[in-house]
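First the structure, in the form of structure tokens, and then the observations on it.
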Amino acid sequence: MRHSTFFWFVLPSALAMFLFIALPIVSVFTQSLHVAHDQVVEEVETCAVFSCTTELRVNAEATAELYEEAPLGKFAGLDNYANRSHLAFDEVSVVWAQASGPGEFFNGIYNLPFYKALTFTLAYTFIVTPLVIIFGFMIAVAVNSLSALVKGPIIFVSLLPMMVTPLIGSLILFWMIDARGILGSTLQYLMGDPSLSLKASSTLTWIMLMVYGVWHSAPFAFVVFYAGLQTVPKDTLESAMIDGASRWQRIRYVVLPYLMPLTLFIALIQLMDNFRVFEPIVGFNAEAHATSLSWAIYNYMNADSKLLNSAATTSMLTIIGVAILLTPVLVRTWRDFNRR
Amino acid sequence: MSQAADRRSPILVFASISFLLIWLLMASFPFLWTLWGSFKVQGDFFSKADWSYAIFGVRTIAETGAPFTGAGYYGAWVQEEFWRAVINTGVVVVFVVIISLTFGALGGYALSRSNYRYVFWLLMLALIFRAMPHITLVSGYLLPFFEWNLWGHLSTTVIVLVAINQPFTLWMLHSFFQNIPKDLDESAMVDGCTRFQAFRYAIVPVMWPGIVTTGLFSFLLAYNDFAVTALLLTKENQTMVPKIAGFLGSTQTEGNVMFAVASVVSATAPLFVLVIFFQRQIVSGLTAGAVKG
Amino acid sequence: MLKQILAASVFTLASSVIAQAGCGLSGGDVRILGNEFPAIQAVSQGAMECADDNVTVSANLTKEHRDLQVAAMTANPAEYSVAVVANSSIVPLMNDGLIRPLNELVEKYGDKLKKNQLITIDGKIMAVAFMANAQHLFYRSDILEQAGLEVPTSYEEVIAAAKTIKDKGLMEYPLAGTFKSGWNLGEEFVNMYTGTGADMFKPGSAEVAINNENGIKALNMLKELTSYMNPDFLTYDSNAASAEWEAGNVALMNMWGSRAGPISDDEGSTPEIVAATAFTAAPTLGGGSTPATTLWWDGFTIAANISDEDAEASFRAMMNGVDPSILTDETKGHAVWLIDGFEPGPTAQGVFATANAGAKPYPMLPFGGLLHSAAGAELADFLQGKESAEQALTDIEAAYTTAAKEAGFIK
């Protein structure tokens, strides 16, 4: 395809992405290299409903002047990346020097907000992604063996977890897993422990979030695999059968290799989505036990005093994290690409 | 795989069926629970005393005199005018799907037919774009949108959702087009068609299965989005999800929570129709290879 | 439920009828941004009445208002002419100079305002408050009676009462509170630390001063309280805690005054629990004299980046919104109104008792929010017993200092 034809075909899509994603990424990157100007504060008398006091106030005009000169704030280089809220180099080296063993070192690191968020994010990503793939595949195989009549409703039901808005879905589930909710009390009964509460322990909260993650994303893997199964070449399967291959052998040596590209695609999307896990943490009020990188960004932007530079820095670190995670997939795509 | 030729041991059939039943129960139970509970009062559905209240409606009988109440639905649809949000969602979803697919089909087609290095880098760039957390993007849009008076309109939200969804659409359609034999459009060009005509007359007729599947995912994204719609729309233009979140509010008012529950059930109904309607296309669409990396 | 629906539809009817009548404005465009809860809805309904052929009034009441307000009012002209704020959310607007002084407008049109409604900073009126709020003690008189206890006035007595109630087997978890990790937990810390009487910052600077014995005292009390709470306490916001109360599982809790009305209504609870629910001032800490809580207000501000005509129309429309005439039987229960002519009913007693006992207002410091978030995020580990009070305070201090450096308050 000629360059000019290619250009015109890609233009609408590229333009949309350039304007609404590339430009913001550039601005976020610039923002992550800056901090706010030194605030001009002054002591003034403040009278509110109940009493008067003398308090510090920002002098808005003086601050506005500073921003007139340098709208982005003070250039800070990589300071934001190195400070305690992010990679925390100084704090990590202190912990390293003081820790007597790996356990203590890990505890010290885990006390720092970025590493705490990163730990859960990575654990979630690497546990949920493979489970989603396995689970989705099993459902797809099971559904595929049913008669056409019941397939429609079953596909709909299987898609439900993906379709119900996570925001509300987790609110209802959050209630069901309460110690007095239907799932929570069933668990207590099954475990024989009447004081069991999923919300009070960090370990159980982690498990709960991951189970939710698998439940929510399995339908995606299911749909993709199910469709893939329809295209498995029949003649190959039949000749395998004639050769006396068992059902398991047929899945192992014919179906699975055929579905490999699909698995890669699901893995790619799921790695990325799970690395940005956010909604279940808010939905399940799980901040005390588990935080993620996306949650950290939300937290920086949601407070009364927003920390936009920190939010920008964490966003950049998220992108870098995703890029690292996806390297194996990228290398493979590169090889495929050169082959074609 | 035709099942007639495929004999299976009864144990395997049993295992497969029971696994499926467990999955169906897991997938549908929270929803069925919500459907049943949406006809109760808050004191039952979110009972602190005994979860079985949600089944038998003890408080519902005490407060309304009957075991079922439509108050949640009445409140959501009549009092809070949930139908406005439904219309807005309809508008947003239709346009997002159409525009996403148009952009994505053109771009994906070109990416699948060009062998230059920049194609690879474009695809990689799209992946990196997809990695950007949405909250960061949206908070970045706010100020320029307010400055240029773009904020609050449905059209702005549509464009933003299209852009955010473009990387995924592009990837999916690109791999789908790769599976359509090149001979098809190349022979059309030999016959004297331009590249666009070849696309229009040779490719468009055979691309529908892939489009339907990709469309389903675009649809779900636009339908379920909260991060973008909650911050970019005015009250009148609100779509369903932020509207439902609004019923919960920062301090939950008694009764309003049930509006949210009733709305969630209402919002799932059109999806049911859609899936039943497009079921075969979705399947054949993916079949045609959308996902063959 | 039915009552609410009726009231709401009457509201809508009334506003659409009166919409044509207006309230004497000559022209302008009024656009209101605020949080979504019944009291603010009532005020914005009042402002809506000013719409007529020359004046448009619209309102966007949403949970997301804090995320929108700074960007919306930085634009010129501002997307919203009125922002309804509280002590904490007014700070970012003032830091960026996005709201205008109201002295002239108050002089011209503010004759119905009381002096204490005017939020004055350095002589400039920046906001007009219309309701007050504070966390204070909710108690169950029947349970206290059964346990043979007086109404506690200090946190030490609260702990003793909780112990007695638990030991007598009256309740398993007699206490509740808004301890959800994040903003709620931060607020609990600010409240408790305020109870020690010490300042959170070194005088005249942005440097934090909580890493001391007062901080330890506050933290230990928070932890002691949680030992009498449902083990899920770190997920409890005011919705969850109120629901526990209405279910009769809790005998004492420090809760927002704005929740007193909904808890005392005829929905969600039994008449016995409602009848036994009573309100009093927030407890004190460690023999201190001021209640360990902070006083809050909600009020409206007018944007700086709008025309004077719109500003005047907005102010007058909002004056109509906070007019004494909006106090109906329905709206009286929504809040502790500061509006002239409001007679505090039983549900407003707690806030008034707390204010009269000398509680301090929540500080409107430009860097106060940073400490609030730092405490809310770092305290969860301490309350779960994963780290010591000293370590938690050191963490809060470190997190705050990092944030304050980024925001330019500490060099």
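The values are calculated or read from the model by the stated rules, or taken from the named source; none is laboratory data. Values in this document were obtained by computation on a predicted structure and should not be read as measured data. Neighbour counts are summed over all protein chains in view; Cβ atoms, including those assigned to glycine, are modelled from backbone coordinates with ideal geometry.
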Query raised in the report: Condition test on C:E244, is it in a helix (DSSP H, G or I), assigned by TED's automatic domain parsing to the domain that holds C:A275, within 22 Å of the chain's Cα centre (by Cα) and charged (D, E, K, R)?
Result: yes
Query raised in the report: Within the stretch A:29-40, how many residues turn out to be more than 7 Å from chain C (Cβ to nearest Cβ) and surrounded by fewer than 21 Cβ atoms within 10 Å (Cβ to Cβ)?
Result: 4
Query raised in the report: Just one of B:L170, B:L125, B:L111, B:L161 is surrounded by fewer than 22 Cβ atoms within 10 Å (Cβ to Cβ) and of a type in the set (A, V, I, L, M); which is it?
Result: B:L125
Report summary line: Apart from one, (1) in contact with a Ser or Thr (Cβ under 7 Å, 6 or more places away or on another chain); (2) within 11 Å of another protein chain (Cβ to nearest Cβ); (3) among the aliphatic types (A, V, I, L, M) all hold for B:A85; the odd one out is (2)
Query raised in the report: Residues of the stretch B:196-216 being polar (S, T, N, Q) and free of Cβ contacts under 8 Å to residues at least 60 places away in the same chain, which ones?
Result: B:Q197
Query raised in the report: Can you tell me how many residues in the stretch A:296-307 are at the interface with another protein chain (Cβ under 8 Å from one of its Cβ atoms) and part of a helix (DSSP H, G or I)?
Result: 5
Query raised in the report: Do you know which residues across the stretch B:127-154 are in contact (Cβ under 8 Å) with a residue 12 or more places away in the chain, over 14 Å from A:S27 (Cα atoms) and more than 7 Å from every other protein chain (Cβ to nearest Cβ)?
Result: B:H134, B:F145, B:G152, B:H153, B:L154
Query raised in the report: Does the stretch C:317-324 contain any residue that is surrounded by fewer than 22 Cβ atoms within 10 Å (Cβ to Cβ), of a type outside the set (G, A, S) and under 20 Å from the mean Cα position of the chain (by Cα)?
Result: no
Report summary line: The correct count of residues that are closer than 22 Å to B:L248 by Cα and either in contact with a Pro (Cβ under 8 Å, 6 or more places away or on another chain) or modelled with pLDDT of 85 or more (or both) in the stretch B:46-63 is 2
Requested in this report: Among the residues of the stretch C:202-213, write down those that are farther than 16 Å from C:D395 by Cα and of a type outside the set (G, A, S).
Outcome: C:K202, C:P203
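Can you tell me which of B:V41, B:V78, B:V94 is within 11 Å of chain C (Cβ to nearest Cβ), surrounded by fewer than 19 Cβ atoms within 10 Å (Cβ to Cβ) and of a type in the set (A, V, I, L, M, F, W, C)?
Unique residue meeting the criteria: B:V78.
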Query - Single residue of the stretch A:1-13 satisfying the filter (facing chain B (nearest Cβ under 7 Å) and part of a helix (DSSP H, G or I)) that is nearest to B:A126 (Cα to Cα) - result: A:S13
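Small (G, A, S), away from every other protein chain (no Cβ under 14 Å) and out of contact with any strand residue (DSSP E or B) (no Cβ under 7 Å at 6 or more places or on another chain), is that true of C:G123?
Working: small (G, A, S): yes; away from every other protein chain (no Cβ under 14 Å): no; out of contact with any strand residue (DSSP E or B) (no Cβ under 7 Å at 6 or more places or on another chain): yes.
Considered against the rule, which asks whether it is small (G, A, S), away from every other protein chain (no Cβ under 14 Å) and out of contact with any strand residue (DSSP E or B) (no Cβ under 7 Å at 6 or more places or on another chain), C:G123 comes out as no.
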**Report entry** Inter-residue pairs, beta-carbon under 8 Å, first outside any helix (DSSP H, G or I) and in the stretch C:149-160, second charged (D, E, K, R), 6+ apart
**Finding:** C:E150/C:E157
Query - Count of residues meeting criterion [within 11 Å of chain C (Cβ to nearest Cβ), touching a residue at least 24 places away in the same chain (Cβ under 8 Å) and farther than 20 Å from C:E387 by Cα] in the stretch A:80-118 - result: 2
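Only one of A:T63, A:T54 is among the β-branched types (V, I, T), facing another protein chain (nearest Cβ under 8 Å) and under 19 Å from C:A206 (Cβ atoms); which?
Testing whether each residue is among the β-branched types (V, I, T), facing another protein chain (nearest Cβ under 8 Å) and under 19 Å from C:A206 (Cβ atoms) leaves just A:T63.
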Requested in this report: Considering each of A:T121, A:T129 in turn, give the residue that is modelled with pLDDT of 95 or more, more than 9 Å from every other protein chain (Cβ to nearest Cβ) and more than 20 Å from A:S32 (Cβ to Cβ).
Outcome: A:T129
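Got at least one residue in the stretch C:356-368 being of a type in the set (A, V, I, L, M, F, W, C), without any contact (Cβ under 8 Å) to a residue 60 or more places away in the chain and surrounded by fewer than 23 Cβ atoms within 10 Å (Cβ to Cβ)?
no
Let's see how each residue does on (1) more than 25 Å from B:S38 (Cα to Cα); (2) without any contact (Cβ under 8 Å) to a residue 12 or more places away in the chain; (3) among the hydroxyl-bearing types (S, T, Y); (4) out of contact with any Gly (no Cβ under 8 Å at 6 or more places or on another chain):
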{"residue": "A:I139", "(1), (2), (3), (4)": "yes, no, no, yes"}
{"residue": "A:A142", "(1), (2), (3), (4)": "yes, yes, no, yes"}
{"residue": "A:V150", "(1), (2), (3), (4)": "yes, yes, no, yes"}
{"residue": "A:I177", "(1), (2), (3), (4)": "no, no, no, no"}
{"residue": "A:R180", "(1), (2), (3), (4)": "no, yes, no, yes"}
{"residue": "A:P194", "(1), (2), (3), (4)": "yes, yes, no, yes"}
{"residue": "A:T203", "(1), (2), (3), (4)": "yes, yes, yes, yes"}
{"residue": "A:F220", "(1), (2), (3), (4)": "yes, no, no, no"}
{"residue": "A:Y226", "(1), (2), (3), (4)": "yes, no, yes, yes"}
Requested in this report: Tell me, yes or no, whether the stretch C:344-353 has at least one residue that is at pLDDT below 90 and over 18 Å from the mean Cα position of the chain (by Cα).
Outcome: yes
Report task. With the condition kept exactly as written, say whether any residue in the stretch B:63-74 is away from chain C (no Cβ under 14 Å), of a type in the set (F, W, Y) and in contact (Cβ under 8 Å) with a residue 60 or more places away in the chain. Result -> no
Requested in this report: Hey, can you tell me all the residues within the stretch C:310-339 that are small (G, A, S) and in a loop (DSSP other than H, G, I, E, B)?
Outcome: C:G333, C:A335
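Looking at B:W77, B:W33, B:W51, B:W83, which one is among the aromatic types (F, W, Y) and under 25 Å from A:G136 (Cα atoms)?
On the way: B:W77 fails: under 25 Å from A:G136 (Cα atoms); B:W51 fails: under 25 Å from A:G136 (Cα atoms); B:W83 fails: under 25 Å from A:G136 (Cα atoms).
B:W33 is the lone residue from the list that is among the aromatic types (F, W, Y) and under 25 Å from A:G136 (Cα atoms).
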